[in-house]
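Data block below; observations after.
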Amino acid sequence: MRAVTWCGSGSIQVGWAPDPKILNARDAIIRVKATAICGSDLHLYGGCIPGMQRGDILGHEFMGEVVEVGGLVKNLAVGDRVVVPFAIACGNCYFCQKGQWSLCDNTNPNAKILEKMYGQSGAGLFGYSHLYGGYAGGQSEFVRVPYADIGPKKLSPGVTDDQAVFLADVLPTGYMAAENCNIEKGDTVAVWGCGPVGLFAIKSAFWLGAERVIAIDRFPERLRLAETFAHAETLDYSQENVFERLMEITHGRGPDSCIDAVGMEAHGTSLDARYDRVKHAMYLATDRLHVLRQAIYCCRKGGTLSVPGVYGGFLDKVPFGAAFAKGLRFAMGQTHVHRYIQPLMERIERGEVDPTEIVSHRGRLDDAPRFYQTFRDKQENCTKCIMHPFGNS
Ligand code: NAD
Ligand code: ZN
């Protein structure tokens with residue numbers, strides 16, 4: 001089959017790979033109809049996540065049609081149209097039972113490595129390095145889905161393939177980021193990053209009762225989407241002082257909650273951002289955390305900092321004293337996608353959101369090398385790329 005593979009930092013290729021096979025009675029094989037590139041894939045592309053090997057198949061946002069099921073998968077049949085959550089969950093362990101699906105104890109066969117780094121390991125993830133299980137991803141014609149009796153969700157006919165692919169990750173991720181803020185009616189929320197995750201976090205913050213949402217980025221097309229698609233007020237951080245503007249808007253108090261939808265590759269020109277860049281370039285640091293620092297600084301006392309943006313390593317110069325002194329609450333982590341697919345699919349069906357409004361590029365798997373570069377460099381007003389391995393049928 002054709003598949004998109006990681007071939008080193010900054011190098012993506014499309015090539016031939018063996019067709020996946022059922023290895024376990026709880027597996028299914030999916031024929032991928034639509035698959036997207038995520039900001040998280042850019043961290044792999046940028047070489048920021050260790051544990052990648054040349055030839056690894058990328059992709060954790062995909063939907064398609066079931067073509068084969070293992071003997072224990074009773075909930076799916078050949079021909080079903082499904083979306084697959086990006087984290088793999090067993091459904092039985094302590095964490096799955098609590099609905100913390102992305103923290104599943106049983107799906108990362110390489111848990112030992114992460115346990116050394118982090119104390120405990122989260123769930124295995126599709127196409128996201130050998131640290132997270134080395135599972136082949138879905139930027140390919142076919143993909144093996146383990147624990148298919150738990151993960152894949154059958155789609156309503158009213159939801160299109162391109163809409164469905166958003167349910168695998170970024171729509172639930174934006175929603176959980178906003179939910180983690182415990183928004184009260186009338187709150188002001190600041191969102192750093194107007195990529196897909198930030199845009200869905202803004203929409204969700206309004207659904208959950210926010211009165212004002214301030215969206216921060218520097219790319220005009222992304223700020224425009226924050227305004228027209230998500231109805232936020234916008235702040236261009238390359239033109240204005242973020243702290244001063246946020247204080248002005250909130251009468252000196254600061255936003256009630258702050259969402260970091262940027263993560264480990266934050267851009268910036270301030271002294272701390274330059275410091276991060278130098279350390280990163282010298283392989284002395286894994287993460288560039290300018291946004292995290294700024295959000296801690298801006299958030300109101302007793303407010304919440306929600307971090308959907310991915311961080312990987314040991315963060316330098318975190319103003320933890322400020323976070324402590326201001327009594328901030330932190331919430332973060334990989335999204336528990338399984339929890340959100342059904343309610344968010346219903347919102348799509350009711351017409352409350354059409355996630356495809358943020359798609360800028362559509363193509364085939366062969367377009368992947370160009371799409372990765374364009375999405376990373378935010379060229380051609382690129383906001384989201386979707387690939388159709390078998391064409392747009
Ligand atoms: P993206 O690359 O499209 O968007 C990131 C945005 O951040 C860009 O628009 C960029 O201009 C902006 N940005 C950079 N520096 C900034 C700054 N100093 N201030 C304000 N904005 C700044 O990516 P995305 O797909 O929207 O993903 C965003 C983050 O969410 C990534 O870190 C990704 O890995 C993470 N993510 C997490 C989960 C999860 O489960 N927690 C799931 C999906 C994505
Ligand atoms: Zn993703």
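Some points to look at:
Table: residues versus (1) modelled with pLDDT under 95; (2) among the charged types (D, E, K, R).
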position	(1), (2)
G51	yes, no
R54	no, yes
L58	no, no
G70	no, no
N75	no, no
V78	no, no
V82	no, no
A87	no, no
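- Of the residues in region 276-288, not one is within 18 Å of the chain's Cα centre (by Cα), crowded, with 23+ Cβ neighbours inside 10 Å and within 16 Å of ligand 2 (Cβ to nearest atom).
- Scanning region 330-356 for residues that are in a strand (DSSP E or B) and touching an Asp or Glu at 6+ places or on another chain (Cβ under 7 Å) yields nothing.
- Subset of region 366-381 [under 13 Å from L44 (Cα atoms) and of a type in the set (K, R)]: R376
- Checking each residue in region 308-324 for being touching a Phe, Trp or Tyr at 6+ places or on another chain (Cβ under 7 Å) and either buried (at least 20 other Cβ atoms within 10 Å of the Cβ) or part of a helix (DSSP H, G or I) (or both) picks out only A322.
- Against the conditions (1) touching a strand residue (DSSP E or B) at 6+ places or on another chain (Cβ under 6 Å); (2) more than 16 Å from ligand 2 (Cβ to nearest atom); (3) not in a helix (DSSP H, G or I); (4) not basic (K, R), G327 satisfies every one except (1).
- Flag if C90 is assigned to a loop (DSSP other than H, G, I, E, B) and within 16 Å of ligand 2 (Cβ to nearest atom): no
- When residues in region 65-87 are screened for being away from ligand 2 (no atom under 16 Å from the Cβ) and either farther than 17 Å from Q342 by Cα or among the aromatic types (F, W, Y) (or both), 13 of them pass.
- Considering region 24-43, the residues that are within 16 Å of ligand 1 (Cβ to nearest atom), among the aliphatic types (A, V, I, L, M) and not in a strand (DSSP E or B) include one that is farthest from V359 (Cα to Cα), namely L42.
- Residue that is touching a Gly at 6+ places or on another chain (Cβ under 8 Å) and surrounded by 18 or more Cβ atoms within 10 Å (Cβ to Cβ), where the choices are L328, L365, L305: L328
- Exactly one residue out of G59, G47, G99 is in contact with a Lys or Arg (Cβ under 9 Å, 6 or more places away or on another chain), in a loop (DSSP other than H, G, I, E, B) and at positive phi: that is G99.
- Considering residues of region 135-194 that are aromatic (F, W, Y) and part of a strand (DSSP E or B) only, the residue nearest to ligand 2 (Cβ to nearest atom): Y135
- Residues of region 255-286 satisfying the condition of being within 10 Å of ligand 1 (Cβ to nearest atom) and either in a loop (DSSP other than H, G, I, E, B) or modelled with pLDDT under 80 (or both): A261, V262, G263, M264, A266, H267, G268, T269, S270
- From R218, R222, R144, residue being over 30 Å from R350 (Cβ atoms) and out of contact with any Pro (no Cβ under 9 Å at 6 or more places or on another chain): R218
- K21, sole failed condition from (1) within 20 Å of A89 (Cα to Cα); (2) within 14 Å of ligand 2 (Cβ to nearest atom): (2)
- Of all residues in region 179-194 being out of contact with any Asp or Glu (no Cβ under 8 Å at 6 or more places or on another chain) and closer than 19 Å to L235 by Cα, the one that is surrounded by the most Cβ atoms within 10 Å (Cβ to Cβ): V191
- Selection from region 141-153 of residues that are crowded, with 24+ Cβ neighbours inside 10 Å and in contact with a Leu (Cβ under 7 Å, 6 or more places away or on another chain): A148, P152
- Some residue of region 233-247 being near ligand 1 (Cβ under 9 Å from one of its atoms) and out of contact with any Lys or Arg (no Cβ under 7 Å at 6 or more places or on another chain): yes
- T5 fulfils the conditions (1) touching a residue at least 12 places away in the same chain (Cβ under 8 Å); (2) under 21 Å from the mean Cα position of the chain (by Cα); (3) closer than 24 Å to T173 by Cα except for a single criterion, (3).
The values are calculated or read from the model by the stated rules, or taken from the named source; none is laboratory data. All of these numbers come straight from a predicted model, not from anything done at the bench. No Cβ is skipped: glycine too gets one built from the backbone with ideal geometry, and neighbour counts run over all protein chains shown.
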